[in-house]
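Asker: Dumping the structure here so I can ask a few things about it.
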């Protein structure tokens, strides 16, 4: 459990630090080799090939990633996961005190988001190394018992069962890294022979391919094709390697006396060979899997720019619980409209397309209409039938609806106007300035999704995270402004020409995010998680006299 927790801890730290940039990272490469390298790096960073597969599937579902590129990313992610196991299989116990000391200090003593998450990552790696040492120590008495040798002998004789056990182990643990590290540890301490460990590892490779298939079962068909294609490739190759390896062991071509490191090398060779053999065929597999998993029959869709139907049913106003439910549904719809306005912002800054800008500005009218409906609905609620809790929730919904409407105005009346100004002047941001705006946009989009989650769940931890993200956006805006002034001092022409637009964009993005993050305030306040004031209460006497 410590091993599983530690792997998740590292992944959480990476996702919270760089999660908003994953879409740009995954979709920027057009070549198969570039996509596979992207998957490899992401899997090393996230320590999970399943996480890479889920990201690729999600972006494929959104139309941001082609099938062939997505499959190449997943195959590269499998090799990256094998590299992680190669690194962690070395005896690195001497690193544990250093990782705990540095990681613990960063996580406990720093307030900035990225250093704090780096601390989480370092502690997670330390916990992985500790858990592996615990596993080796815990297996010593079992190794000397009569039970494990009997099981080991059976797995050596019946390599198909060993293969299936390895697959089940990886699937149940939901982590191929953890499952294979455990198998490697058992072989290293002599609890399992190499031949049984090899069958288990090949099975774990199949089990790791089943994890994203299971996790994407609720997604649309376009997203599920990539995990199924990966499962087909890995499954066929794993079965072929299983029979080939065991025939080689029985023929004496492979030695049965190999140790755990050779098992890691075999796992790495399996994934490298699978990537090399499969990469040229990624594009060819699209047609067969489109026939195997065809798209659902298209249904008539409403015009996305048409005025939405309100979720506010007057008949529900008499019942507090139903009234609150209706208000929250309307608030969610309002948040979705604001997200639709904000998402294409970078495209507007690049192209300044009149039609697209007018479509975004038209959505602002729908947002205003939602606010008017919520305001009228709250005002019409019968006070004699509303308990205090329901009345407080209704008030909080109205207050956040006002913030969402203001956020929509920031997009429609400020950011789109700046996009038009860029188009009319023909100027462009400097590469550094554009990268800063792009990064802020990605982070705010992630915060929009988090805010939607907070509306639904009212989860305290999510509310805390959203409030912390508000601080991070403020810091990002301040740092970007400082770097912009530094570029002006260095005489960069692009920065001079777009200085006003750049600074106004930063201010608008920060203000937009502040309105979005406001959903966390009532939840944090109700749970005693907010200070009444940020001012220092007890100033020294000399400072008070100076102020007087």
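Asker: Name the single residue, out of those in the stretch 112-155 being more than 40 Å from the chain's Cα centre (by Cα) and part of a helix (DSSP H, G or I), that is modelled with the highest pLDDT.
Answerer: By that ranking, first place goes to 154.
Asker: Then there's this: Looking at the stretch 102-119, can you tell me whether even one residue there is more than 23 Å from residue 468 (Cβ to Cβ), surrounded by 17 or more Cβ atoms within 10 Å (Cβ to Cβ) and either in contact (Cβ under 8 Å) with a residue 12 or more places away in the chain or out of contact with any strand residue (DSSP E or B) (no Cβ under 9 Å at 6 or more places or on another chain) (or both)?
Answerer: No: the stretch 102-119 contains no residue that is more than 23 Å from residue 468 (Cβ to Cβ), surrounded by 17 or more Cβ atoms within 10 Å (Cβ to Cβ) and either in contact (Cβ under 8 Å) with a residue 12 or more places away in the chain or out of contact with any strand residue (DSSP E or B) (no Cβ under 9 Å at 6 or more places or on another chain) (or both).
Asker: Considering (1) modelled with pLDDT of 80 or more; (2) in a loop (DSSP other than H, G, I, E, B); (3) surrounded by 14 or more Cβ atoms within 10 Å (Cβ to Cβ), say which one residue 284 fails and leave the rest.
Answerer: (3)
Asker: Every residue in the stretch 89-101 that is part of a helix (DSSP H, G or I) and surrounded by fewer than 21 Cβ atoms within 10 Å (Cβ to Cβ), please.
Answerer: 93, 94, 95, 96, 97, 98, 100, 101
Asker: Do you know which residues across the stretch 238-249 are under 20 Å from residue 284 (Cβ atoms) and crowded, with 20+ Cβ neighbours inside 10 Å?
Answerer: Correct list: empty.
Asker: Hey, among 430, 390, 343, 351, which residue is crowded, with 17+ Cβ neighbours inside 10 Å and under 30 Å from residue 486 (Cα atoms)?
Answerer: Within the list 430, 390, 343, 351, the selection yields 430.
Asker: Give the stretch 52-68 a look and list any residue that's modelled with pLDDT under 85, part of a helix (DSSP H, G or I) and more than 15 Å from residue 219 (Cα to Cα), or say none.
Answerer: Answer for the stretch 52-68, where residues must be modelled with pLDDT under 85, part of a helix (DSSP H, G or I) and more than 15 Å from residue 219 (Cα to Cα): just 52.
Asker: Continuing with this model, one more query. Take the conditions within 22 Å of residue 334 (Cα to Cα), in the same structural domain as residue 344 (by TED's automatic domain parsing) and surrounded by 21 or more Cβ atoms within 10 Å (Cβ to Cβ) and apply them to residue 457. Does it pass?
Answerer: Criteria not met by residue 457.
Asker: Select from the stretch 12-51 the residues that are more than 10 Å from the chain's Cα centre (by Cα), modelled with pLDDT under 65 and within 20 Å of residue 225 (Cβ to Cβ) and list them in ascending order.
Answerer: 26, 27, 29, 30
Asker: A further question follows. Determine which member of the set 380, 401 is loosely packed, with under 15 Cβ neighbours inside 10 Å and assigned by TED's automatic domain parsing to the domain that holds residue 338.
Answerer: None of the other options fit; the residue is 380.
Asker: Would you mind stating whether residue 218 is out of contact with any strand residue (DSSP E or B) (no Cβ under 9 Å at 6 or more places or on another chain), on the phi > 0 side of the Ramachandran plot and modelled with pLDDT under 85?
Answerer: Answer is no for this residue.
Asker: Would you call residue 263 outside any loop (DSSP other than H, G, I, E, B) and either loosely packed, with under 13 Cβ neighbours inside 10 Å or outside the structural domain of residue 37 (by TED's automatic domain parsing) (or both)?
Answerer: no
Asker: Same structure again: Residues to consider are 351, 343, 372; find the one that is touching a residue at least 60 places away in the same chain (Cβ under 8 Å), assigned by TED's automatic domain parsing to the domain that holds residue 424 and farther than 10 Å from residue 419 by Cβ.
Answerer: 343 is the lone residue from the list that is touching a residue at least 60 places away in the same chain (Cβ under 8 Å), assigned by TED's automatic domain parsing to the domain that holds residue 424 and farther than 10 Å from residue 419 by Cβ.
The values are calculated or read from the model by the stated rules, or taken from the named source; none is laboratory data. In this text, all values refer to a predicted model and were calculated from it rather than measured experimentally. Note that each Cβ is placed from the backbone with ideal geometry, even for glycine, and that neighbours are counted across all protein chains shown.
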